[in-house]
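Visitor: Dropping the structure in here first, questions after.
The values are calculated or read from the model by the stated rules, or taken from the named source; none is laboratory data. Everything quoted here is computed from the prediction, not taken from an experiment. Cβ sites come from the backbone with ideal geometry, for glycine too, and all protein chains shown count toward neighbours.
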Ligand SMILES: [Zn+2]
């Protein structure tokens, strides 16, 4: 009897101490949703190898998942369908953005966050009307409807948007005999078009930075400088201040390393390395922010892999020491392989495993309770 009692006491203590070790359920107020367009595991592996395996931002991840990227009408997705899945939680057909195959519009985590009193914004290196960011604010049956996408943008309201695409706004408003700059400012934004102005932009108010007619320059060649990391930091400062001032529940920031994809299409290893490294620098900024701002979850996903990049050994006889590696491409288009997702910060352990791309989108909305009535 004594022995049983002792065992019971030991069991109680064991349960008690296990409980004490459980992390408290953290409240998540902010999501930094980062997407490496076309970034597969080989792209991240290249960054690690070329950096001599010094830890990268991706190595800081506290949890990981893999997502299946197929769209509703193609096992190889495009950025429109993949962006829609990540943004809205719904798969759709290739080329469509924010819309189901039957034309039903689906709203993104950013739109829902805005409607639920969260601050929100974008930082991308492409033109803002491009498929991936557009999947977060537009509802169109084709990603090529750039004028409509501009129109959709004007019906939304964001705290901060940094990217390119001034030309498409100029074209859109010109057709209505209107001036793009005036019209965008009439939406409440302070508009900046010179990339050099980024450091001087005040960290408050509604800010629209359209720093190029189309895409921003490539990372390779250095013309973009540290834009992506600096714009991410600036956007986080603006969102922090605005959310406080406007008594928002928190914020959702979408950040895209948009041009990793293009370098994959071009089968350009140097370009891929430069864009992936540049994206990793922005990921670092987001993770550092999460370190100093409790309640922030950083999600680093990809929409699909581009290039069919592999990293084969120069020689296939593995009994010999290494004779170097190469970068080989299976295609100049997208592939159907799963892509990695990295989690860091508050609630990093709340999502893991092998997921559908739209499931990730759905779970992030659930974390912020965006679909609760
Ligand atoms: Zn893409």
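Visitor: Here's a check for you: in the stretch 292-319, which residue that is at pLDDT below 95 and in a loop (DSSP other than H, G, I, E, B) is nearest to the ligand (Cβ to nearest atom)?
Guide: Top of the filtered list is 312.
Visitor: Which members of the stretch 78-106 meet the condition of being touching a helix residue (DSSP H, G or I) at 6+ places or on another chain (Cβ under 7 Å) and more than 16 Å from the ligand (Cβ to nearest atom)?
Guide: Result: 89, 90, 106.
Visitor: In the set 345, 295, 330, which member is more than 26 Å from residue 283 (Cα to Cα) and touching a residue at least 12 places away in the same chain (Cβ under 8 Å)?
Guide: So the residue among 345, 295, 330 that is more than 26 Å from residue 283 (Cα to Cα) and touching a residue at least 12 places away in the same chain (Cβ under 8 Å) is 330.
Visitor: Scanning for something within 14 Å of the ligand (Cβ to nearest atom), surrounded by 24 or more Cβ atoms within 10 Å (Cβ to Cβ) and over 25 Å from residue 159 (Cβ atoms), does the stretch 279-291 turn up at least one residue?
Guide: no
Visitor: Which of the residues that make up the stretch 35-51 are within 16 Å of the ligand (Cβ to nearest atom) and either assigned to a loop (DSSP other than H, G, I, E, B) or more than 14 Å from the chain's Cα centre (by Cα) (or both)?
Guide: 37, 38, 39, 40, 41, 42, 43, 44 - these are the residues of the stretch 35-51 that are within 16 Å of the ligand (Cβ to nearest atom) and either assigned to a loop (DSSP other than H, G, I, E, B) or more than 14 Å from the chain's Cα centre (by Cα) (or both).
Visitor: Quick check, is residue 89 touching a residue at least 60 places away in the same chain (Cβ under 8 Å) and at positive phi?
Guide: yes
Visitor: Further question on the same structure: Which of the residues spanning the stretch 304-327 are buried (at least 17 other Cβ atoms within 10 Å of the Cβ) and free of Cβ contacts under 8 Å to residues at least 40 places away in the same chain?
Guide: Once the filter is applied, which keeps residues that are buried (at least 17 other Cβ atoms within 10 Å of the Cβ) and free of Cβ contacts under 8 Å to residues at least 40 places away in the same chain, the stretch 304-327 yields only 308.
Visitor: In this structure, is residue 280 under 15 Å from the mean Cα position of the chain (by Cα) and either within 23 Å of residue 111 (Cα to Cα) or assigned to a strand (DSSP E or B) (or both)?
Guide: No, not satisfied.
Visitor: Another question about this same structure. Identify, please: which residue in the stretch 244-269 is touching a helix residue (DSSP H, G or I) at 6+ places or on another chain (Cβ under 8 Å) and part of a helix (DSSP H, G or I) and is, among those, nearest to the ligand (Cβ to nearest atom)?
Guide: Applying the filter and picking the extreme gives 261.
Visitor: Considering (1) surrounded by fewer than 23 Cβ atoms within 10 Å (Cβ to Cβ); (2) in a loop (DSSP other than H, G, I, E, B), say which one residue 172 fails and leave the rest.
Guide: (2)
Visitor: Moving on to the next point. Among (1) buried (at least 24 other Cβ atoms within 10 Å of the Cβ); (2) within 15 Å of the ligand (Cβ to nearest atom); (3) farther than 21 Å from residue 372 by Cα, there is one condition residue 123 misses while meeting the rest; what is its number?
Guide: (2)
Visitor: What are the residues in the stretch 135-157 that are part of a loop (DSSP other than H, G, I, E, B) and surrounded by fewer than 21 Cβ atoms within 10 Å (Cβ to Cβ), if any?
Guide: Passing the criteria: 141, 142, 144, 145, 155, 156, 157.
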